[in-house]
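J.: Handing you a structure now.
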Amino acid sequence: MNFNRIMIGGHLTRDPELRFLNSGACVCDFGIATNRSWTGADGNKRDEVCFVDVSVWGKQAERVAEFLKKGAPAFIEGRLDFDQWEKDGQKRSKHRVTADRVIFLDRKPGAQQEATPAPQTIDDDVPF
């Protein structure tokens, strides 16, 4: 079985960078940081930050570049990719998230809230 799905929420670490490829496709790259806090066995509070690079393609890329800025909260759904390249004779690699969906969490009036349409929510009285 193979399954590659990731969901991550946090704040953008830099402004999104939109670029267009020779093929005409557009891609937007940005970073996101997530925080985790816990109390260690010694009773001291500890904090940990995880920094993740994200790429989003197509129309979503244009919306992300238009509406999100450094510090903005966002939720990303996508897959984990492994990039490899060579620079100055050294082999390099890193993991990156390729987003299928980016949800804008900033609730400013009039702001676009999501880069893709959200599933419809039904407001019926549910008996459970």
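J.: Considering only region 56-64, I want to know if a residue exists there that is surrounded by 11 or more Cβ atoms within 10 Å (Cβ to Cβ), of a type in the set (Asp, Glu) and part of a helix (DSSP H, G or I).
T.: Scanning region 56-64, I find at least one residue that is surrounded by 11 or more Cβ atoms within 10 Å (Cβ to Cβ), of a type in the set (Asp, Glu) and part of a helix (DSSP H, G or I), so the answer is yes.
J.: Do we have Lys69 as touching a Pro at 6+ places or on another chain (Cβ under 9 Å) and open to solvent by 50 Å² or more (accessible area, probe 1.4 Å) here?
T.: The answer is yes for Lys69.
J.: Oh, and also: Restricting attention to region 44-55, which residues are open to solvent by 30 Å² or more (accessible area, probe 1.4 Å) and touching an Asp or Glu at 6+ places or on another chain (Cβ under 9 Å)?
T.: Within region 44-55, just Asp53 meets the criteria.
J.: Collect the residues in region 1-28 that are of a type in the set (A, V, I, L, M, F, W, C), without any contact (Cβ under 8 Å) to a residue 40 or more places away in the chain and within 20 Å of Phe67 (Cα to Cα), keeping them in residue-number order.
T.: The answer is Phe20, Ala25, Cys26, Val27, Cys28.
J.: Please specify each residue of region 65-107 satisfying the condition of being within 14 Å of the chain's Cα centre (by Cα), modelled with pLDDT under 95 and over 23 Å from Asp15 (Cβ atoms).
T.: none
J.: Can we say Gly31 is without any contact (Cβ under 8 Å) to a residue 40 or more places away in the chain and over 13 Å from the mean Cα position of the chain (by Cα)?
T.: no
J.: For the condition under 26 Å from Leu105 (Cα atoms), open to solvent by 40 Å² or more (accessible area, probe 1.4 Å) and assigned to a loop (DSSP other than H, G, I, E, B), what is the one hit in Arg14, Arg36?
T.: Result of the check over Arg14, Arg36: Arg14.
The values are calculated or read from the model by the stated rules, or taken from the named source; none is laboratory data. Only a predicted model underlies this, so the values are computations on that prediction, with no experimental measurement involved. Cβ sites come from the backbone with ideal geometry, for glycine too, and all protein chains shown count toward neighbours. These accessible areas exclude ligands, DNA and RNA; they are computed on the full protein's heavy atoms, side chains included. Shrake-Rupley method; radii C 1.70, N 1.55, O 1.52, S 1.80 Å.
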